[in-house]
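To start, the structure itself, in structure tokens.
Just so you know, all these numbers are worked out from the coordinates, no wet-lab data involved. Quick caveat: nothing in here was measured; it's all calculated off a predicted structure. Neighbour counts run over all protein chains shown; Cβ positions are idealised from the backbone, glycine included.
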Amino acid sequence: MELKGKVVVVTGAGSGMGRQLALELAKRGSKVALVDFRAETLKETADLVAGLKGVSSSHVLDVTDSAGVAKLPAAIKKALGEPDVLINNAGIIQPFVKVNELPMKDALHVMNVNFTGPLMLTKAFLPGLLTRPEAHILNVSSMGAYAPVPGQSVYGASKAAIKLFTEGLRSELLNTKVGVTVVFPGAINTNIAQNSGMATFGAGADAGSIKMSQPDAAAKLMVDAIVNNKPRLVIGSDAKMLDFLSRLNPVYAAKVIYKQMASLLK
């Protein structure tokens, strides 16, 4: 899929991976619809896109707001033209606590942001995408979808839901011109912890040993996956290793993860 001139919607565009995706798309000549619930960081991203002589529009939106999501396709069409690509990138982690200690309001919030939001956005944009000469949906899951992390059980469940939803969606759209990609990033050097309402991510003794991928490199891989209509993308040596290990021996893989991450539990 050629991205030059295409209208690409990026959620979570105010910072982290979403910002890097917006910048990578701008470099390739896409018109980028920036979506985030923080107006101030959204403006920062828009300014960076403008610095690359890119074209963008900004849309302040909480992805759990069903009424706002329903209005978004028309707002983007008015600002930039009919959307061609949807990237469901916005997501949060949960506090590092066991299920028994996780308040239901926090559990439901994680599920709403990470799964219900992308589901609503997909349903809002898919009718229009199906009318385009070529289109694409990219959903960001996580290595947590297949590698259980203690203290992130609900987060993992939300990303596992995105995984199967995306795979099912791709099957449903095989005979259309809408491609579908699911992405499994490992540890990425972004501010997801702060944006999730957590004071610190990686406060445990072993956290510093976790090798993180850089968001600009990860963004390039994601955009390449759209261009090449790649169904599945695993990013980072940690995600690739655990993808292999979880298939080979899931019980052993879970024990390896526990040993590395248990110190993060409160």
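Miscellaneous remarks
- Summarising the amide proton neighbourhood of Val234: residues at separation of 5 or more, or on other chains, whose placed amide H is nearer than 5 Å comprise Phe184.
- Helix 39-51 axis, angle to the chain major axis (alpha carbon atoms, nearest 10°): 60 degrees
- Where (i) 22.0, 76; (ii) 19.7, 63; (iii) 17.8, 52 are the candidate values, the label of the one calculated here for Rg and Dmax of the Cα atoms in Å is (iii).
- Fraction of beta bridges assigned by DSSP in the chain that are antiparallel (%, nearest 5): 0 percent
- Local electrostatic count at Asp224 - Lys and Arg +1, Asp and Glu -1, tallied over other residues with Cβ under 11 Å: +2
- Cα pair count fraction exceeding 20 Å, expressed as % - region 58-200: 49 percent
- Peptides 62-73, 109-120 ranked from most to least packed by the mean count of surrounding Cβ atoms within 10 Å: 109-120, 62-73.
- For the listed peptides 39-45, 84-90, a ranking on the average number of other beta carbons within 10 Å per residue, highest first, reads 84-90, 39-45.
- Sequence ranges 158-171, 242-255, ranked by mean other-Cβ count within 10 angstrom, highest first: 158-171, 242-255
- Footprinting exposure proxy for Leu21, Leu121 (fewest neighbouring C-beta atoms within 10 Å first): Leu121, Leu21
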